[in-house]
Amino acid sequence: MRRTLWRCLVGLLVLGLSAAVPAQSLQFYTEEYPPLNYSRDGRPVGLAVDLVRELFERTGDHGRISVVPWARGYQAAQLEPNTALFVTMRTAERERLFKWVGPVVVAVTSFYALRGSGIRIERFEDVTRIGQVAVPRQWYSYQALQARGLPNLVGVKGPQQMMTMLRHGRVPVVVADNVTLEDLLALGDLRLQDVEPLHGFLSSAAYIAFSPSTPDSVILNWQQALDSMKRDGSFALIYSRWLPGQPIPAELLTPAGR
């Protein structure tokens, strides 16, 4: 009898929560940024894609995930209602442009050169004396380096062009983060053993960035669902499946509500 009563109470609670946050139809945009998010055989895949799909299940919302050029998704997520962009590095410049759910990834961005290049960077000021530094124009790291006034910064179209330029010696240094480095190198037919890190200069947390007109109730619902994944171990399971052998930063496993 008590068990039946308890189940009824839980059921009523779930129904009450569902009524408080009506199911939403959402449009999600992402880009080619393996292994976090990219397309395979015409469909979105990756660590962050698996997280978003699980969050759809937990929130009861529904929608579409589209892989598009970053600039298109970045603009849409600012202007279109009930729209989100992932993964998006949360920076001071972007803070007021979106509503945030996360974090889902923490990445350390560094300068990289071909192994044996002889290039050394002891402090950030040394970067100005090493020749051109290639970075995709749409990346947050390009914005950060531009804001710091790096005179030898070269904006390129995308990561494949950047890594190909490095492999052929057209630039001595590129920028990448530790989470996506291996997959980005592969775009230029390079491997981890072909490069060496020179200097880490930026640690950033990646989030799901919702359009500013998205209701706060939706943001809260998604954040609570993500926090529940961190508590029950499903977040760690997805993370380890896509990034085997990489330790999960402690700040990723701590629910935002704590």
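Charge tally for Gly46 (other residues, Cβ to Cβ under 14 Å; Lys, Arg +1; Asp, Glu -1): -3. The accessible surface of the chain, taken with every protein chain in place and a 1.4 Å probe, is 53 percent carbon and sulfur.
Estimated from helical segments only, the mean residue ellipticity of the chain at 222 nm is -11000 deg cm²/dmol, where each DSSP H run of four or more residues counts as -39500 (n - 2.57).
The residue list Gln132, Pro69, Ala23 was ranked by how far each Cα lies along the charge dipole of the stretch 17-138 toward its positive end, using unit charges on Cβ atoms, and Gln132 comes out on top.
Dipole size of the chain about its Cα centre, with +1 on Lys/Arg Cβ and -1 on Asp/Glu Cβ: approximately 300 debye, rounded to the nearest 20. In whole Å, how far is the Cα centre of the stretch 42-93 from that of the stretch 128-201? Between the Cα centres of the stretch 42-93 and the stretch 128-201 lies a distance of 25 Å.
Summarised in one figure, the compactness ratio Rg/Rh of the stretch 162-234, Cα atoms and Kirkwood Rh, is 1.18. Relative intensity of the stretch 63-219 on a log10 scale, I(q)/I(0) at q = 0.20, 0.21 Å⁻¹, equals -1.26, -1.35, per a Debye sum over C-alpha point scatterers of equal strength in the absence of solvent. Relative protection proxy for 61-67, 220-226, 148-154, from highest mean packing down: 220-226, 61-67, 148-154 (other beta-carbon atoms within 10 angstrom).
The values are calculated or read from the model by the stated rules, or taken from the named source; none is laboratory data. Owing to the predicted nature of the structure, the values given are computational and were not obtained by experimental measurement. Every residue, glycine among them, receives a Cβ derived from its backbone with ideal geometry; neighbour counts consider all protein chains shown. Please note that ligands, DNA and RNA were not included when accessible areas were found on the heavy atoms of the full protein model with its side chains. Shrake-Rupley method; radii C 1.70, N 1.55, O 1.52, S 1.80 Å.
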